[in-house]
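Note sheet for the following structure.
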Amino acid sequence: MLGLEMTLPASLAADRDDEIAILRLTRPLKRNALDDETILGIESFFTSLPDDIGAVLLHGEGEHFSAGLDLGELKERDITQGIAHSGMWHRAFEKIQFGKVPVVAVLHGAVVGGGLELAAAAHIRVAEHSAYYALPEGSRGIYVGGGGSVRIPRLIGVARMMDMMLTGRIYSAEEGQAMGLSTYLVESGAGYAKGHELAKRIAGNTALTNFAVVQALPRIAEMDPASGYAVEALMSSIAQADGEAKARLKDFLEKRGPKVKPGS
Ligand code: 1HE
């Protein structure tokens, strides 16, 4: 694997494997707690991806994906500074959700607080059986600030998120899978390989398909239905007209393209 040419803080490491860029949280001694430097490093990673990257794999070193906000940095901030701090997280995580390419996150151990907010900004979440989810902000007298109020209810509903914040409820990997926090559940230690396999598949899609899924789909889903149908019609006609789409359809019709069968 060749490293990516980027300047990142010591809490992050970037690599590339062909068309896949890999971002690793590398602060296991602090359970990958997210300090300001790390959040800015995440923003800079996602804004400086080379054009030939087709997907990103995000994972964490050590026993946990991430313990969330670095509580050691929660010093005296006034209200204005607090808003700016949350805005910094929003900006960085927007670059994940609405960046150049789809992002697969591999989750294990603690996926809590800001760690869960980070995971929620990815497009696909692969959880290992060791993963567990919580929003301890409630019991610490603080509130989510990394876009959790927007993204987490869209995965599990407002009622479940309220319960997590009000009671400190911890969900297991199995529960998280059943309710939609993760989209894949694998044995402990198998997440990276599964995430890599999925990222490879994603990178094999046409760039226009990945654009449509990452940029258009979530926005269409938020539109009123009439606007959504109109944007969908435009997006589908643009996708079909692409040369690469035409070539793939031709391959199928001439018996060269892959069939859709379980296990394929
Ligand atoms: C930390 C953090 C952290 C660990 N900030 N330093 N998040 C939380 O409320 C979760 C807080 N952390 C924990 O509950 C536990 O650390 C874990 C369950 C994640 C892991 O437990 P364990 O036994 O493996 O590790 P540990 O002994 O608790 O922690 C190891 C070290 O990491 C220790 O430091 P050390 O110098 O004594 O070795 C811990 O202090 C440090 N550490 N977690 C700072 N979070 C945008 S708003 C988002 C708001 C939130 O994310 S709030 C939720 C914060």
### Query
Name the trypsin sites (Lys or Arg not before Pro) in the stretch 186-264 that are in a loop by DSSP and that have at most 13 other C-beta atoms within 10 Å, would you?
Lys255, Arg256, Lys259
### Query
Which one of Ile39, Ala131, Val104 is farthest out on the positive end of the charge dipole of the stretch 9-151, using unit charges on Cβ (Lys, Arg +1; Asp, Glu -1) and the Cα centre as origin?
Ala131
### Extension gain from Tyr229 to Ala190, taking 0.36 nm per residue of separation minus the Cα-Cα distance
10.1 nm
### Message
Return the Rg/Rh ratio of the chain with Cα-based radii and a Kirkwood Rh.
### Response
0.98
### Cβ charges +1 (Lys, Arg) and -1 (Asp, Glu), total dipole of the chain, debye
700
### Rounded to whole Hz, the Karplus (6.51, -1.76, 1.60) HN-Hα couplings of the stretch 19-26, x for glycine and proline
8, 9, 9, 10, 10, 10, 7, 10
### For the stretch 71-83, Karplus couplings with θ = phi - 60° (6.51, -1.76, 1.60), whole Hz, Gly/Pro x
5, x, 8, 6, 7, 4, 10, 7, 4, 4, 5, x, 5
### Task
Take the alpha carbon atoms of the stretch 75-128, find their center, do the same for the stretch 222-239, and report the distance between the two centers in whole angstrom.
28
### Query
So what is the relative contact order for the chain, in percent, with contacts set as C-alpha pairs under 8 Å and at least six apart?
16
### Message
What are the ³J(HN,Hα) couplings of the stretch 105-122, residue after residue, when phi is run through the Karplus curve with 6.51, -1.76, 1.60 and θ = phi - 60°? Round to Hz, x for glycine and proline.
### Response
9, 9, 10, 8, x, 5, 10, 10, x, x, x, 6, 5, 5, 4, 5, 7, 6
### Where N is the number of residues in the stretch 156-257, Cα Rg divided by 2.2 N^0.38 Å
1.49
### Task
Take the cross-link list Lys95/Lys246; Lys95/Lys261; Lys100/Lys246; Lys100/Lys261; Lys95/Lys259 and give me the ones stretching past 26 Å between alpha-carbons.
Lys95/Lys246; Lys95/Lys261; Lys100/Lys261; Lys95/Lys259
### Query
Using a Förster distance of 35 Å, how high is the FRET efficiency between Lys246 and Leu166, based on the Cβ-Cβ distance and rounded to 0.05?
0.10
### Message
I need the shape label for the stretch 24-68. Rule: rounded when a/c is under 1.5, else prolate if a/b > b/c, else oblate, with a, b, c from the alpha carbon gyration tensor.
### Response
oblate
### Summary
Here the FRET efficiency for Glu19 versus Glu222, based on Cβ atoms and R0 = 25 Å and rounded to 0.05, is 0.25
#### Entry: Low-density loop positions, GluC sites (Glu not before Pro), the stretch 1-63 - DSSP coil, at most 14 other Cβ in 10 Å
Glu5, Glu63
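Each reported figure results from applying straightforward, stated rules to the coordinates on display, with no laboratory input. Keep in mind that this is a model prediction, so the values were computed, not measured. Cβ atoms come from the backbone with ideal geometry, glycine included; neighbour counts cover every protein chain shown.
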